[in-house]
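Every number in this text was worked out from the coordinates using simple rules, so none of it is lab data. In this text, all values refer to a predicted model and were calculated from it rather than measured experimentally. In this analysis, Cβ positions are derived from the backbone assuming ideal geometry, glycine residues included, and neighbour counts consider all displayed protein chains.
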Amino acid sequence: MGSSYAIPAQIVRSGAERATLVRRTYALVFTGILVTIAGAAFAATQLSILQAVTQHPLITGLLMFAPLLAARSTYRSFPANIGFMYLFTFMMGIFLAPMLIFYARVQPGVLGEAGIITATAFGALTMYAFVSRRDFSAWGSFFFTGLIVLIVASVLNIFLHSPGVQLWIAGATVLVFSGLLVFDTWRIRNMYGPDDYVLAAVSIYLDLLNLFLAILQLLGGGRRRS
């Protein structure tokens, strides 16, 4: 669970700049998803990697977020920015592989169902954010506060081990990241410059990924990996 909230210094003012930003951003988002799938597929064939991720999730998480921080610090330095983002998305696939394998085994077909629902929600929310003339600037702080609450609740539930609480958290996560997706899409239209595509893509990618994982947990009935 996470998101990206760097404030760009540039504002998109022309239709051509906006079109360039949208094209670059969503190309990175969708190829990043494919790289994540490739990372998960690679890890699924490597028993030693799956065991390492399962036994040392904290270390794996730190290794995963290192290229994300590098991508953010070099977000206008091509091709380093692209390389670090793809490395991050590949590592994300490795990190998620044990969870995805678990859900695929206990409930066959659930990954596809979650993917379809997520794609439908993503399309509807993205279209709403682009078509609507509303000012969504206030949504950022509101839903970011909600994200902090979710993180605290998730940490507490590590000790509670409550499937019921986990379902409530997953439901709230869907709402929070739906709101953040609208906000981040609004930022693409109104705040980011054409060279800020990596920052924009990271934000949208994380919103989309967390939305998928929350929907997956809801469809899976709050099951946890043992």
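For region 15-219, just the Cα set please: Rg and Dmax, both in angstrom.
Using the Cα atoms of region 15-219, the pair Rg, Dmax is 17.1, 52 Å.
Of 128, 75, 197, which has the largest mean-square fluctuation in a 10 Å C-alpha GNM of the chain?
128
Counting other beta carbons within 10 Å of each residue's own, what order do 117, 215 fall into, fewest first?
Ordered from fewest to most neighbouring Cβ atoms within 10 Å, 117, 215 come out as 117, 215.
State the Kirkwood hydrodynamic radius of region 86-128 in Å, one decimal place, computed from all pairs of distinct Cα atoms.
Across region 86-128, the inverse of the average 1/r is 11.9 Å.
Divide by every residue of the chain the summed helix terms, -39500 (n - 2.57) for each DSSP H run of at least 4, and state the resulting mean residue ellipticity at 222 nm, rounded to the nearest 500 deg cm²/dmol.
Value at 222 nm, helices only: -27500 deg cm²/dmol.
Taking neighbour counts of Cβ atoms within 10 Å as a proxy for exposure, in what order, fewest first, do 196, 207 appear?
Least crowded to most crowded, the residues run 196, 207.
Only counting other Cβ atoms within 10 Å, I'd like 187, 24, 134 sorted with the fewest neighbours first.
Least to most surrounded, the residues fall as 134, 24, 187.
For region 150-191, just list the percent of Cα-Cα distances falling in each 5 Å bin from zero outward, please.
6, 22, 22, 15, 11, 11, 7, 4, 2
Using alpha-carbon pairs under 8 Å, 6+ residues apart, how would you state the relative contact order of the chain in percent?
Once divided by the residue count of the chain, the mean separation gives 36 percent.
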